[in-house]
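Down below is the structure, laid out as C-alpha coordinates.
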Amino acid sequence: MKTVRTINLALVLFFMLSFLAPSPAYAKSAAENIQPAKVKLATLTVDNRTGGTLYIQMTGANYYNFSTSKAGKTTFTDIKPGKYTITLTTSACPGSVVLKNRQLKNRFNIKPVACNKRR
(Lines give C-alpha, C1' and ligand atoms only; values in the text may rest on other atoms or scores of the structure.)
Protein backbone atom coordinates (compact mmCIF):
# COMPACT_ATOMS: atom_id res chain seq x y z
CA MET A 1 0.00 0.00 0.00
CA LYS A 2 2.88 2.28 0.84
CA THR A 3 4.38 1.54 -2.59
CA VAL A 4 1.13 2.45 -4.37
CA ARG A 5 0.93 5.72 -2.47
CA THR A 6 4.56 6.54 -3.42
CA ILE A 7 3.87 5.78 -7.08
CA ASN A 8 0.71 7.95 -7.02
CA LEU A 9 2.63 10.80 -5.38
CA ALA A 10 5.41 10.46 -7.95
CA LEU A 11 2.90 10.58 -10.82
CA VAL A 12 1.15 13.64 -9.39
CA LEU A 13 4.49 15.42 -8.97
CA PHE A 14 5.51 14.43 -12.49
CA PHE A 15 2.32 15.85 -14.03
CA MET A 16 2.53 19.04 -11.96
CA LEU A 17 6.13 19.62 -12.97
CA SER A 18 5.39 18.84 -16.64
CA PHE A 19 3.04 21.87 -16.73
CA LEU A 20 5.94 24.07 -15.64
CA ALA A 21 8.24 22.77 -18.38
CA PRO A 22 8.38 24.74 -21.62
CA SER A 23 6.11 23.36 -24.27
CA PRO A 24 7.04 23.28 -27.95
CA ALA A 25 5.93 26.33 -29.92
CA TYR A 26 4.56 25.99 -33.41
CA ALA A 27 5.05 28.98 -35.67
CA LYS A 28 4.24 29.64 -39.28
CA SER A 29 7.10 29.40 -41.68
CA ALA A 30 8.57 32.64 -43.00
CA ALA A 31 7.06 31.97 -46.41
CA GLU A 32 3.57 31.94 -44.91
CA ASN A 33 4.11 35.33 -43.24
CA ILE A 34 5.51 37.12 -46.30
CA GLN A 35 3.00 39.17 -48.22
CA PRO A 36 3.79 40.71 -51.59
CA ALA A 37 4.37 44.44 -51.59
CA LYS A 38 1.55 46.40 -53.05
CA VAL A 39 2.93 48.54 -55.86
CA LYS A 40 0.87 51.55 -56.72
CA LEU A 41 0.43 51.46 -60.47
CA ALA A 42 0.64 54.53 -62.68
CA THR A 43 -1.72 55.98 -65.30
CA LEU A 44 -0.91 57.59 -68.65
CA THR A 45 -3.25 60.17 -70.18
CA VAL A 46 -2.99 61.23 -73.84
CA ASP A 47 -4.96 63.84 -75.75
CA ASN A 48 -5.50 62.60 -79.32
CA ARG A 49 -6.11 65.49 -81.72
CA THR A 50 -4.74 63.76 -84.82
CA GLY A 51 -8.02 62.80 -86.45
CA GLY A 52 -6.83 59.17 -86.61
CA THR A 53 -5.70 56.35 -84.39
CA LEU A 54 -2.91 57.21 -81.94
CA TYR A 55 -0.43 54.42 -81.13
CA ILE A 56 1.64 54.55 -77.95
CA GLN A 57 4.63 52.25 -77.42
CA MET A 58 6.41 52.26 -74.07
CA THR A 59 9.75 50.55 -73.42
CA GLY A 60 11.79 50.63 -70.23
CA ALA A 61 10.71 49.35 -66.82
CA ASN A 62 8.17 47.21 -68.70
CA TYR A 63 6.80 47.03 -72.24
CA TYR A 64 3.39 48.38 -73.25
CA ASN A 65 1.48 49.05 -76.47
CA PHE A 66 -1.67 51.15 -76.37
CA SER A 67 -3.85 52.67 -79.06
CA THR A 68 -6.87 54.91 -79.17
CA SER A 69 -9.00 56.08 -82.07
CA LYS A 70 -11.08 58.26 -79.78
CA ALA A 71 -10.57 62.00 -80.16
CA GLY A 72 -9.77 63.78 -76.92
CA LYS A 73 -8.33 62.46 -73.68
CA THR A 74 -7.84 58.77 -73.01
CA THR A 75 -6.34 57.31 -69.83
CA PHE A 76 -4.43 54.03 -69.75
CA THR A 77 -4.11 52.35 -66.36
CA ASP A 78 -2.15 49.62 -64.56
CA ILE A 79 1.30 50.75 -65.72
CA LYS A 80 4.30 49.72 -63.65
CA PRO A 81 6.08 52.87 -62.38
CA GLY A 82 9.57 53.53 -63.75
CA LYS A 83 11.52 55.17 -66.59
CA TYR A 84 10.20 54.75 -70.11
CA THR A 85 10.87 55.81 -73.67
CA ILE A 86 7.47 56.64 -75.14
CA THR A 87 6.97 56.56 -78.93
CA LEU A 88 3.84 58.12 -80.41
CA THR A 89 2.69 57.42 -83.98
CA THR A 90 -0.61 58.00 -85.70
CA SER A 91 -2.51 56.76 -88.73
CA ALA A 92 -3.43 60.35 -89.65
CA CYS A 93 0.05 61.68 -90.46
CA PRO A 94 3.60 60.37 -91.06
CA GLY A 95 6.43 60.40 -88.53
CA SER A 96 6.60 59.83 -84.82
CA VAL A 97 7.32 61.63 -81.58
CA VAL A 98 9.79 60.04 -79.13
CA LEU A 99 9.84 61.03 -75.47
CA LYS A 100 12.99 59.59 -73.89
CA ASN A 101 13.62 58.70 -70.25
CA ARG A 102 10.27 59.82 -68.92
CA GLN A 103 9.67 58.93 -65.27
CA LEU A 104 6.18 57.56 -64.65
CA LYS A 105 5.16 57.64 -61.00
CA ASN A 106 1.47 58.09 -60.27
CA ARG A 107 0.05 60.00 -63.21
CA PHE A 108 1.71 61.06 -66.43
CA ASN A 109 0.04 63.36 -68.95
CA ILE A 110 1.22 63.77 -72.53
CA LYS A 111 0.49 67.13 -74.12
CA PRO A 112 -2.09 67.13 -76.92
CA VAL A 113 -0.92 65.20 -79.98
CA ALA A 114 -1.88 66.68 -83.36
CA CYS A 115 -0.63 66.46 -86.93
CA ASN A 116 1.26 69.45 -88.33
CA LYS A 117 -0.72 71.34 -90.93
CA ARG A 118 1.08 71.62 -94.24
CA ARG A 119 1.20 75.02 -95.89
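The values are calculated or read from the model by the stated rules, or taken from the named source; none is laboratory data. Just so we're clear, the structure is a prediction, and the values are computed from it rather than from any experiment. FYI the Cβ positions are ideal-geometry reconstructions off the backbone, even for glycines, and counts take in every protein chain you see.
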(1) in contact with a Ser or Thr (Cβ under 9 Å, 6 or more places away or on another chain); (2) modelled with pLDDT under 90; (3) of a type in the set (D, E): which one isn't true of E32, the others all being true? (1)
When segment 41-86 is examined, which residues are found to be over 22 Å from the mean Cα position of the chain (by Cα) and farther than 14 Å from A114 by Cα? S67
